[in-house]
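Structure first, then comments.
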Amino acid sequence: MSASYTNPVLPGFYPDPSVCRVGEDFYLVTSSFEYFPGVPVFHSRDLVHWTQIGHCLTRPSQLDLSSAKSSGGIYAPTIRHHDGRFYMVTTDTSGIGNFFVTTDDPAGEWSDPVRVDQGGIDPSLHFEDGRCWFASNGLHWNRDGLYLSEIDAETGQRKSEPKWLWAGAGGKFPEAPHLYRRGGWTYLICAEGGTEFAHAVTIARSRAIDGPYEPCPHNPILCHAGSYNGIQSTGHAELFDDPHGNWWMVCLGVRHAGYPLMHHLGRETYLAPVTWTDDGWPVVHGGREIELEMRVAALPGPAGPAPTPRVRDAFDEPELALGWNFRRNPVADSWSLNERPGWLTLHGQPATLGDAAPLALVARRQQHFDCLAQTLLDFTPRRAGDEAGVTAVMNEHHHHDLFVTVRDGQRAVVLRRTVGSLVAEVARQPVGDGPVELRIEADETWYRFAWRAAGGADDAVWHALGRAETRHLSTELAGGFTGVYLGMYAVSPGGGGEPAHFDHFDYDAPGDATDRSTRSVTTAPADRGA
């Protein structure tokens, strides 16, 4: 028998995945950049179904993003487990640089940061023979490549000067070093080529942890550049074994919409099996490219019942669900789940969606090309400039907003598009008193925006306000390293405006190929050579 699964295993903006195993349990973290809380943590037993159990960075004392630019903040975390303790090491590019936090419970609170005085980004930890090693890339040194020093695992103090290890196999930006011990060798994995179409995974090995390192003769061990594959820009990988001695790789990749190829969902997390040659080199997926539909000999654990996503968040829990984020640290008292029980209340802030500053925004990742986001908003603006609604946002220069505001002394629903320096209100319609429903419907090519008065029949007519191209929110146009977020926001230029109350937020992806509610691990007859 064989098992099948669908990639990506974490769809949407979940880049730079790192995995550690504790017994039969796998834990995964990804980058979070300017979004707060930082570094989401996931758990799985089968490597396909991942459940978010928390975040590593949940307090301002751990992470201050107030001055972080878009695609600044937290880069490329690594998670490790050693002597009963979890370590997550990362780079705050807008703050203290490289640091790690620790915990005994990855679903609970993590420690305050322990800074490591070694430059570069994409840090990783390796524990061996009672010693702790710290690897990072060398963007901050004269010689490009990957560097290593020994550190104190309690204080973060370096015990040695950073030593150059390897420059990769020739691609630009060698980064994301991870170290592994297997069969008397220390393996050093690397991402290079830049996190675009030329992104690749390469590897080298040495008998000694500090080198010299010899490159794999069949580097890169993973690269989709120049192929017709629906997954592109594969790189930034992590290797690990399962309880049965089988090896696996997680990596990032992107799915494009339309032509020329552009992607707006962000860099996602993909899974592939790994085998080893007789002379000790890893082979990813039998030497083939990673596929959207994968078949493997077996998965490491039982799938159990497929998790059913919560289509509607009714905001009836005491805390926000783990899938919600703020862009930068939330402004104190800008949001509440208690002010109007069963509703999310946002108090408009002077910062707008076009500002690189903390604002009143609560949003979640767009994880599917085909999806629908919908909310019910109770908001009565009193002043011109006060607004509240929903948005599809990549960064402050690229977003599409559907909101309630005042125009010519009258309450109105407005559609605004921001594409770089081009900002336009493309449609507006007057709306009477009372709550309204706002909707964003998406496919690969378009976002469509509509509204209707609340309280009517479920089949009441939606009023279409217009549409906007998804490619205008793509990384290729907007830049950066994140993906589109869908969410709720409020703005009050002078502060003190009327609160905006959101009764619920629906996110549904019916029929999407990566819809987690309709996908589960299946078994199929074994193929020859599977």
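The values are calculated or read from the model by the stated rules, or taken from the named source; none is laboratory data. Fair warning: this is a prediction, and the values are worked out from it, not measured in the lab. Positions of Cβ are backbone-derived with ideal geometry, glycine not excepted, and every protein chain shown enters the neighbour counts. What goes into the accessible areas is simple: the full protein's heavy atoms, side chains included, and nothing from ligands, DNA or RNA. Shrake-Rupley method; radii C 1.70, N 1.55, O 1.52, S 1.80 Å.
Tabulated data
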| item | result |
| --- | --- |
| Filtered residue count, the range 269-315, keeping only those that are at positive phi, at pLDDT 95 or above and surrounded by fewer than 14 Cβ atoms within 10 Å (Cβ to Cβ) | 3 |
| Leading residue by the ranking (farthest from residue 186 (Cα to Cα)) among those in the range 87-122 that are open to solvent by less than 30 Å² (accessible area, probe 1.4 Å), out of contact with any Phe, Trp or Tyr (no Cβ under 7 Å at 6 or more places or on another chain) and hydrophobic (A, V, I, L, M, F, W, C) | 110 |
| Filtered residues of the range 10-50 (kept if among the aromatic types (Phe, Trp, Tyr), under 9 Å from the mean Cα position of the chain (by Cα) and assigned to a loop (DSSP other than H, G, I, E, B)) | 13, 14 |
| Of the criteria (1) polar (S, T, N, Q); (2) surrounded by fewer than 16 Cβ atoms within 10 Å (Cβ to Cβ); (3) within 22 Å of residue 236 (Cα to Cα), which one residue 186 fails | (2) |
| Any hit, the range 111-119, residues being within 20 Å of residue 204 (Cβ to Cβ), β-branched (Val, Ile, Thr) and touching a residue at least 40 places away in the same chain (Cβ under 8 Å) | no |
| Residue, nearest to the chain's Cα centre (by Cα), within the range 244-256, restricted to residues that are open to solvent by 10 Å² or more (accessible area, probe 1.4 Å) and under 25 Å from residue 370 (Cα atoms) | 255 |
| Single condition residue 205 does not satisfy, out of (1) over 18 Å from residue 144 (Cβ atoms); (2) among the basic types (Lys, Arg); (3) in a loop (DSSP other than H, G, I, E, B) | (3) |
| Subset of the range 492-503 [assigned to a strand (DSSP E or B) and open to solvent by 10 Å² or more (accessible area, probe 1.4 Å)] | 501, 503 |
| Residue pairs meeting the criteria (Cβ under 8 Å; at least 6 apart or on separate chains; first closer than 17 Å to residue 33 by Cβ, in the range 358-385; second open to solvent by less than 30 Å² (accessible area, probe 1.4 Å) and at pLDDT below 95) | 367/509; 367/514 |
| Qualifying position, being among the basic types (Lys, Arg) and open to solvent by less than 40 Å² (accessible area, probe 1.4 Å), among 328, 340 | 328 |
| Identity of the residue in the range 349-377, more than 25 Å from the chain's Cα centre (by Cα) and open to solvent by 10 Å² or more (accessible area, probe 1.4 Å), that ends up farthest from residue 8 (Cα to Cα) | 350 |
| Strands (runs of 3 or more DSSP E) contained in the range 380-456 and holding at least 2 residues open to solvent by 10 Å² or more (accessible area, probe 1.4 Å), at pLDDT 95 or above and touching a His at 6+ places or on another chain (Cβ under 8 Å) | 410-419, 446-453 |
| Any chance residue 125 is buried (at least 20 other Cβ atoms within 10 Å of the Cβ), touching a Leu at 6+ places or on another chain (Cβ under 8 Å) and not charged (D, E, K, R) | no |
| Hits in the range 407-443 (condition: among the hydroxyl-bearing types (Ser, Thr, Tyr) and under 26 Å from the mean Cα position of the chain (by Cα)) | 418 |
| Restricting the range 113-144 to residues that are touching a strand residue (DSSP E or B) at 6+ places or on another chain (Cβ under 7 Å) and of a type in the set (Asp, Glu), the residue that is nearest to residue 209 (Cα to Cα) | 128 |
